[in-house]
1. Given the residues 87, 94, 119, which is the only one that is surrounded by fewer than 21 Cβ atoms within 10 Å (Cβ to Cβ), in a helix (DSSP H, G or I) and in contact (Cβ under 8 Å) with a residue 24 or more places away in the chain?
2. I'm told residue 200 meets every condition in (1) without any contact (Cβ under 8 Å) to a residue 60 or more places away in the chain; (2) in contact with a strand residue (DSSP E or B) (Cβ under 6 Å, 6 or more places away or on another chain); (3) closer than 29 Å to residue 282 by Cβ except one. Can you identify the failing condition by its number?
3. Of the residues in the range 211-229, how many are on the phi > 0 side of the Ramachandran plot and surrounded by fewer than 19 Cβ atoms within 10 Å (Cβ to Cβ)?
4. Check whether at least one residue in the range 296-312 is in a strand (DSSP E or B) and either buried (at least 18 other Cβ atoms within 10 Å of the Cβ) or assigned by TED's automatic domain parsing to the domain that holds residue 68 (or both), and report yes or no.
5. If you check 60, 78, which single one turns out to be outside any helix (DSSP H, G or I), closer than 19 Å to residue 243 by Cα and over 22 Å from the mean Cα position of the chain (by Cα)?
6. So residue 146 fits all but one of (1) in a loop (DSSP other than H, G, I, E, B); (2) without any contact (Cβ under 8 Å) to a residue 40 or more places away in the chain; (3) in contact with a strand residue (DSSP E or B) (Cβ under 8 Å, 6 or more places away or on another chain); what number is the exception?
7. So is residue 255 in contact with a strand residue (DSSP E or B) (Cβ under 9 Å, 6 or more places away or on another chain) and more than 20 Å from residue 48 (Cβ to Cβ) or not?
8. Counting residues that are over 19 Å from the mean Cα position of the chain (by Cα) and at pLDDT 95 or above, which strands (runs of 3 or more DSSP E) fully inside the range 150-261 reach at least 1?
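The values are calculated or read from the model by the stated rules, or taken from the named source; none is laboratory data. What you see is a predicted model; the values in this text were computed from it and never measured. Every residue, glycine as well, gets a Cβ built from its backbone with ideal geometry; the counts of neighbours run over all protein chains shown.
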């Protein structure tokens, strides 16, 4: 039985896209299989027991489950240590804590992937109102390496790393059309900047990238990386939170900033979130497989419909995001309406642009998700500005993610 009906044109493009993606889907399944085993091995090596799934309240002293979350993430991500907490309010909050944790007045950070994501600009102080407590307000110096032909200018990055305290790498494209960074490219950048300055701290914004490849940035030399639990590593089960992983000394500095100096990782109750965090992480590699397939499918379907997509479905994927250049405000709104209509939650709602906190332009977001704002679940969003590109991410299963993508295309067919 067909529960959803589409026009002949959309149905024809759907058949063509599915036929073209056979090999890409096999590759996604291969990566998922490896990462599923890697995570299972981490759980077994750490010795997770039923007692670790219990929560705590109050100060959270001696919370064994909290310590186990940190241990599992560090093992799976090839890091010395990690801090995983539901009290990270968002990916931006998590990244901010990492920056505040290790940078001090007079230190210089260099973003080598151009201007960072919109919400990080006020954190740094390059946009927004001064005096609110940005990094620049506290005497931390910001510099950046502009992209060169859409990619990282590695020689310029190495040059600027010489007297820097931190090199900052944003793995995913944000609201840009530049390529997201593969692990191979991140490793190349790290080797270049470490050669120029062996003491520089390399930090990676790993949002949207976890489990899309068999290695993570910390496996190839990143000193610190951070991400959100309502993206890839939460596996659509974690209700909120974030993680920071990397060198033990740096993680401890971040923990002191998140809670209080001298107590760091030793305090903070878990309020019965531990089971969901661990279960989400266990499922994450398979959930990411669905998101990767949905992302490749969106790129393939819309390329065949005549749109420019980034990355192309033929390219190697480094995250779960596909950006589609739609070209008009009207099409961007219609696209997001189609995604919303294909969602399990609030499918009857019509998303509208709004002045979202932390963004300079109006933003439209479609996210009929079980967890508000979750972008490992199927979602689409974009700023209302040229070139009116939409950014599609998530899809816990390809079978349901495909419906949302088809709905979006149907909305654009005249």
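1. Every option except 119 fails the conditions.
2. (3)
3. Step one: list which residues in the range 211-229 are on the phi > 0 side of the Ramachandran plot, which gives 211, 221.
Among the residues that remain, those that are also surrounded by fewer than 19 Cβ atoms within 10 Å (Cβ to Cβ) are: 221.
The total comes to 1.
4. Yes: the range 296-312 contains one or more residues that are in a strand (DSSP E or B) and either buried (at least 18 other Cβ atoms within 10 Å of the Cβ) or assigned by TED's automatic domain parsing to the domain that holds residue 68 (or both).
5. On the way: 78 fails: over 22 Å from the mean Cα position of the chain (by Cα).
Unique residue meeting the criteria: 60.
6. Every listed condition holds for residue 146 apart from (3).
7. Values: in contact with a strand residue (DSSP E or B) (Cβ under 9 Å, 6 or more places away or on another chain): yes; more than 20 Å from residue 48 (Cβ to Cβ): yes.
Answer is yes for this residue.
8. 166-170, 201-205
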